[in-house]
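Here the structure is laid out as C-alpha coordinates; the discussion comes afterwards.
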Amino acid sequence: MKRLSKAISSYRNEYKGAALIESRISKNPLAQFEHWMDEAIKKKVSEPTAMTLATVNKKLQPSARIVLLKGIDKKGFVFYTNYKSEKGSNLEKNKLCCLNFFWAKVQRQVRIYGKAEKVSSKESDAYFASRPRASQVSVFASPQSEVIRNRAFLDVRFAIYDGFFKDKKIQRPAHWGGYRVIPSSIEFWQGRTNRLHDRLLFTKMKNGKWKLERLSP
(Lines give C-alpha, C1' and ligand atoms only; values in the text may rest on other atoms or scores of the structure.)
Protein backbone atom coordinates (compact mmCIF):
# COMPACT_ATOMS: atom_id res chain seq x y z
CA MET A 1 0.00 0.00 0.00
CA LYS A 2 2.90 2.39 0.74
CA ARG A 3 4.25 1.83 -2.78
CA LEU A 4 0.89 2.64 -4.34
CA SER A 5 0.40 5.63 -2.08
CA LYS A 6 3.77 7.01 -3.17
CA ALA A 7 2.94 6.41 -6.83
CA ILE A 8 -0.34 8.25 -6.42
CA SER A 9 1.18 11.24 -4.64
CA SER A 10 3.93 11.59 -7.25
CA TYR A 11 1.66 11.23 -10.29
CA ARG A 12 1.58 14.41 -12.39
CA ASN A 13 -0.37 15.38 -15.47
CA GLU A 14 0.33 18.77 -16.98
CA TYR A 15 -2.70 20.67 -18.28
CA LYS A 16 -2.20 22.71 -21.45
CA GLY A 17 -5.67 23.76 -22.52
CA ALA A 18 -6.48 26.91 -24.46
CA ALA A 19 -7.49 29.99 -22.49
CA LEU A 20 -11.10 30.32 -21.37
CA ILE A 21 -11.87 34.01 -21.83
CA GLU A 22 -15.07 35.80 -20.81
CA SER A 23 -15.39 37.70 -24.09
CA ARG A 24 -15.13 34.50 -26.15
CA ILE A 25 -17.89 32.42 -24.59
CA SER A 26 -21.66 32.53 -24.84
CA LYS A 27 -23.51 34.77 -22.40
CA ASN A 28 -25.96 31.90 -21.84
CA PRO A 29 -24.29 29.03 -19.94
CA LEU A 30 -26.67 26.43 -21.41
CA ALA A 31 -25.62 27.48 -24.90
CA GLN A 32 -21.97 27.38 -23.81
CA PHE A 33 -22.48 23.88 -22.41
CA GLU A 34 -23.99 22.73 -25.71
CA HIS A 35 -20.92 24.10 -27.50
CA TRP A 36 -18.55 22.23 -25.19
CA MET A 37 -20.60 19.03 -25.41
CA ASP A 38 -20.58 19.25 -29.20
CA GLU A 39 -16.78 19.63 -29.16
CA ALA A 40 -16.40 16.70 -26.74
CA ILE A 41 -18.42 14.46 -29.07
CA LYS A 42 -16.55 15.59 -32.19
CA LYS A 43 -13.19 15.00 -30.48
CA LYS A 44 -14.37 11.52 -29.46
CA VAL A 45 -14.11 12.06 -25.72
CA SER A 46 -14.85 8.79 -23.92
CA GLU A 47 -18.43 8.75 -22.58
CA PRO A 48 -19.06 12.49 -23.09
CA THR A 49 -22.61 12.28 -21.67
CA ALA A 50 -21.51 10.59 -18.43
CA MET A 51 -21.97 12.88 -15.44
CA THR A 52 -21.61 12.58 -11.69
CA LEU A 53 -24.91 13.17 -9.88
CA ALA A 54 -24.54 14.09 -6.22
CA THR A 55 -27.54 14.00 -3.86
CA VAL A 56 -28.11 14.14 -0.10
CA ASN A 57 -30.27 11.80 1.98
CA LYS A 58 -32.43 12.67 5.00
CA LYS A 59 -29.41 12.29 7.30
CA LEU A 60 -27.51 14.81 5.14
CA GLN A 61 -25.16 12.08 3.96
CA PRO A 62 -24.01 12.94 0.43
CA SER A 63 -24.00 10.26 -2.26
CA ALA A 64 -22.59 10.41 -5.79
CA ARG A 65 -22.86 8.17 -8.83
CA ILE A 66 -22.46 8.32 -12.60
CA VAL A 67 -25.60 8.73 -14.72
CA LEU A 68 -26.02 9.61 -18.39
CA LEU A 69 -27.27 12.93 -19.71
CA LYS A 70 -30.19 12.22 -22.03
CA GLY A 71 -31.33 15.70 -22.93
CA ILE A 72 -30.73 19.41 -22.56
CA ASP A 73 -33.12 22.26 -23.22
CA LYS A 74 -33.57 25.88 -22.16
CA LYS A 75 -34.76 24.70 -18.74
CA GLY A 76 -31.95 22.31 -17.83
CA PHE A 77 -30.36 18.87 -17.95
CA VAL A 78 -32.36 15.63 -18.22
CA PHE A 79 -31.57 12.10 -17.06
CA TYR A 80 -33.70 8.99 -16.41
CA THR A 81 -33.79 6.52 -13.56
CA ASN A 82 -35.86 4.37 -11.25
CA TYR A 83 -37.77 6.74 -8.94
CA LYS A 84 -37.46 4.14 -6.15
CA SER A 85 -33.67 4.05 -6.34
CA GLU A 86 -31.39 5.71 -3.80
CA LYS A 87 -31.05 8.82 -5.93
CA GLY A 88 -34.80 8.91 -6.52
CA SER A 89 -35.47 8.62 -2.79
CA ASN A 90 -32.93 11.35 -2.05
CA LEU A 91 -34.40 13.72 -4.63
CA GLU A 92 -37.89 13.10 -3.28
CA LYS A 93 -36.78 14.49 0.09
CA ASN A 94 -34.26 17.07 -1.10
CA LYS A 95 -34.43 18.32 -4.68
CA LEU A 96 -31.09 20.15 -4.46
CA CYS A 97 -28.32 18.32 -6.30
CA CYS A 98 -25.11 18.75 -8.25
CA LEU A 99 -23.97 17.48 -11.65
CA ASN A 100 -20.36 17.24 -12.76
CA PHE A 101 -18.87 16.48 -16.17
CA PHE A 102 -15.15 15.77 -16.60
CA TRP A 103 -13.72 15.37 -20.09
CA ALA A 104 -10.08 14.42 -19.55
CA LYS A 105 -9.19 14.36 -23.24
CA VAL A 106 -9.96 18.06 -23.65
CA GLN A 107 -9.05 18.95 -20.03
CA ARG A 108 -12.45 20.42 -19.25
CA GLN A 109 -14.93 20.20 -16.42
CA VAL A 110 -18.46 21.54 -15.95
CA ARG A 111 -20.05 21.75 -12.51
CA ILE A 112 -23.79 22.39 -12.19
CA TYR A 113 -25.75 23.22 -9.03
CA GLY A 114 -29.52 23.07 -9.23
CA LYS A 115 -32.87 21.63 -8.29
CA ALA A 116 -34.28 18.42 -9.78
CA GLU A 117 -37.89 18.07 -10.84
CA LYS A 118 -39.61 15.18 -12.61
CA VAL A 119 -40.14 15.61 -16.34
CA SER A 120 -43.65 15.17 -17.72
CA SER A 121 -45.13 11.69 -18.19
CA LYS A 122 -45.20 12.41 -21.93
CA GLU A 123 -41.44 13.06 -21.98
CA SER A 124 -40.71 9.93 -19.94
CA ASP A 125 -42.99 7.81 -22.15
CA ALA A 126 -41.28 9.06 -25.31
CA TYR A 127 -37.78 8.34 -24.01
CA PHE A 128 -38.77 4.92 -22.63
CA ALA A 129 -40.21 3.98 -26.03
CA SER A 130 -36.88 4.87 -27.67
CA ARG A 131 -34.86 2.50 -25.46
CA PRO A 132 -33.77 -0.93 -26.71
CA ARG A 133 -36.27 -3.63 -25.75
CA ALA A 134 -33.79 -5.34 -23.40
CA SER A 135 -33.29 -2.05 -21.54
CA GLN A 136 -37.06 -1.72 -21.19
CA VAL A 137 -37.27 -5.23 -19.72
CA SER A 138 -34.45 -4.45 -17.29
CA VAL A 139 -36.50 -1.62 -15.77
CA PHE A 140 -38.96 -4.26 -14.53
CA ALA A 141 -36.34 -6.87 -13.65
CA SER A 142 -34.13 -4.70 -11.44
CA PRO A 143 -35.35 -3.48 -8.01
CA GLN A 144 -32.69 -0.77 -8.18
CA SER A 145 -30.63 -0.06 -5.03
CA GLU A 146 -32.24 -2.92 -3.07
CA VAL A 147 -30.11 -5.72 -1.57
CA ILE A 148 -30.42 -8.91 -3.66
CA ARG A 149 -29.26 -12.48 -3.04
CA ASN A 150 -26.96 -12.91 -6.02
CA ARG A 151 -26.52 -12.23 -9.74
CA ALA A 152 -28.71 -15.18 -10.64
CA PHE A 153 -31.65 -13.36 -9.02
CA LEU A 154 -31.42 -10.66 -11.71
CA ASP A 155 -30.92 -13.12 -14.56
CA VAL A 156 -33.99 -15.11 -13.52
CA ARG A 157 -36.15 -12.00 -13.15
CA PHE A 158 -35.02 -10.74 -16.54
CA ALA A 159 -35.92 -14.07 -18.15
CA ILE A 160 -39.36 -14.02 -16.48
CA TYR A 161 -40.20 -10.49 -17.62
CA ASP A 162 -38.68 -11.08 -21.04
CA GLY A 163 -41.05 -13.98 -21.48
CA PHE A 164 -44.00 -12.09 -20.03
CA PHE A 165 -43.57 -9.23 -22.51
CA LYS A 166 -42.92 -11.49 -25.52
CA ASP A 167 -44.71 -10.12 -28.59
CA LYS A 168 -46.08 -7.23 -26.49
CA LYS A 169 -45.42 -3.51 -26.53
CA ILE A 170 -43.78 -2.61 -23.23
CA GLN A 171 -45.28 0.38 -21.44
CA ARG A 172 -43.22 2.54 -19.09
CA PRO A 173 -43.89 1.66 -15.44
CA ALA A 174 -44.89 4.50 -13.10
CA HIS A 175 -41.78 4.00 -10.93
CA TRP A 176 -39.38 4.90 -13.77
CA GLY A 177 -38.91 8.23 -15.52
CA GLY A 178 -36.92 11.38 -15.95
CA TYR A 179 -35.62 14.27 -13.90
CA ARG A 180 -34.68 17.70 -15.16
CA VAL A 181 -32.02 19.52 -13.17
CA ILE A 182 -32.80 23.24 -13.36
CA PRO A 183 -29.48 25.03 -12.80
CA SER A 184 -28.90 27.85 -10.35
CA SER A 185 -25.20 28.03 -11.21
CA ILE A 186 -22.89 26.52 -13.84
CA GLU A 187 -19.10 26.58 -13.63
CA PHE A 188 -16.82 25.99 -16.63
CA TRP A 189 -13.29 24.79 -15.86
CA GLN A 190 -10.44 24.65 -18.37
CA GLY A 191 -7.13 23.06 -17.39
CA ARG A 192 -4.16 25.44 -17.86
CA THR A 193 -0.42 25.34 -17.25
CA ASN A 194 1.14 25.65 -13.76
CA ARG A 195 -2.19 24.66 -12.20
CA LEU A 196 -3.49 28.19 -12.90
CA HIS A 197 -6.70 26.87 -14.40
CA ASP A 198 -9.48 29.02 -15.85
CA ARG A 199 -12.77 28.93 -13.92
CA LEU A 200 -15.80 30.90 -15.08
CA LEU A 201 -18.95 30.81 -12.96
CA PHE A 202 -22.46 31.68 -14.16
CA THR A 203 -25.01 32.38 -11.41
CA LYS A 204 -28.75 32.75 -12.06
CA MET A 205 -30.09 36.07 -10.75
CA LYS A 206 -33.59 36.77 -9.44
CA ASN A 207 -34.45 38.59 -12.68
CA GLY A 208 -33.65 35.46 -14.68
CA LYS A 209 -30.39 36.78 -16.12
CA TRP A 210 -26.99 35.15 -15.64
CA LYS A 211 -24.10 36.82 -13.80
CA LEU A 212 -20.62 35.82 -14.98
CA GLU A 213 -17.62 35.86 -12.63
CA ARG A 214 -14.08 34.48 -12.72
CA LEU A 215 -12.94 32.26 -9.86
CA SER A 216 -9.38 31.74 -8.71
CA PRO A 217 -8.20 28.16 -9.32
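The values are calculated or read from the model by the stated rules, or taken from the named source; none is laboratory data. From a predicted model like this one, the values you see are computed outputs, not experimental measurements. Ideal geometry is used to build each Cβ from the backbone, glycine not excepted, and the neighbour counts take in all protein chains shown.
In table form, for the structure just shown:
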item: Any hit, the stretch 16-29, residues being farther than 25 Å from Thr203 by Cα, charged (D, E, K, R) and loosely packed, with under 12 Cβ neighbours inside 10 Å; result: yes
item: Unmet requirement for Tyr80, which otherwise passes all of (1) crowded, with 16+ Cβ neighbours inside 10 Å; (2) out of contact with any strand residue (DSSP E or B) (no Cβ under 8 Å at 6 or more places or on another chain); result: (2)
item: Candidates Lys75, Lys58 - the one that is assigned to a loop (DSSP other than H, G, I, E, B) and at pLDDT 95 or above; result: Lys75
item: Cβ-Cβ under 8 Å pairs, at least 6 apart or on other chains, the stretch 1-15 side part of a loop (DSSP other than H, G, I, E, B) and of a type outside the set (Gly, Ala, Ser), far side surrounded by 10 or more Cβ atoms within 10 Å (Cβ to Cβ) and at pLDDT 80 or above; result: Glu14/Thr193; Tyr15/Gln107; Tyr15/Gly191; Tyr15/Arg192; Tyr15/Thr193; Tyr15/His197
item: In the stretch 160-217, the residues that are under 21 Å from Leu53 (Cβ atoms), among the polar types (S, T, N, Q) and free of Cβ contacts under 8 Å to residues at least 60 places away in the same chain; result: Thr203
item: Long-range neighbours under 7 Å by Cβ, at least six apart or interchain, first residue under 17 Å from Phe77 (Cα atoms) within the stretch 22-45, second surrounded by 14 or more Cβ atoms within 10 Å (Cβ to Cβ) and basic (Lys, Arg); result: Trp36/Arg108
item: Pick from the stretch 144-188, criterion of a type in the set (Ser, Thr, Tyr) and touching a strand residue (DSSP E or B) at 6+ places or on another chain (Cβ under 7 Å), ranking: farthest from Gly88 (Cα to Cα); result: Ser185
item: Every pair of residues 6+ apart whose Cβ atoms lie under 8 Å, when the first sits in the stretch 137-150 and is over 14 Å from His175 (Cα atoms) while the second is part of a helix (DSSP H, G or I) and of a type in the set (A, V, I, L, M, F, W, C); result: Ile148/Leu154
item: Matching residues in the stretch 165-217 - criterion: being aliphatic (A, V, I, L, M) and not in a strand (DSSP E or B); result: Ile170, Ala174, Leu196, Met205
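For every residue, the table says whether it meets (1) touching a Gly at 6+ places or on another chain (Cβ under 9 Å); (2) of a type in the set (D, E, K, R); (3) surrounded by 17 or more Cβ atoms within 10 Å (Cβ to Cβ).
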{"site": "Phe140", "(1), (2), (3)": "no, no, yes"}
{"site": "Glu146", "(1), (2), (3)": "no, yes, no"}
{"site": "Gly163", "(1), (2), (3)": "no, no, no"}
{"site": "Asp167", "(1), (2), (3)": "no, yes, no"}
{"site": "Pro183", "(1), (2), (3)": "yes, no, yes"}
{"site": "Gly191", "(1), (2), (3)": "yes, no, yes"}
{"site": "Arg199", "(1), (2), (3)": "no, yes, yes"}
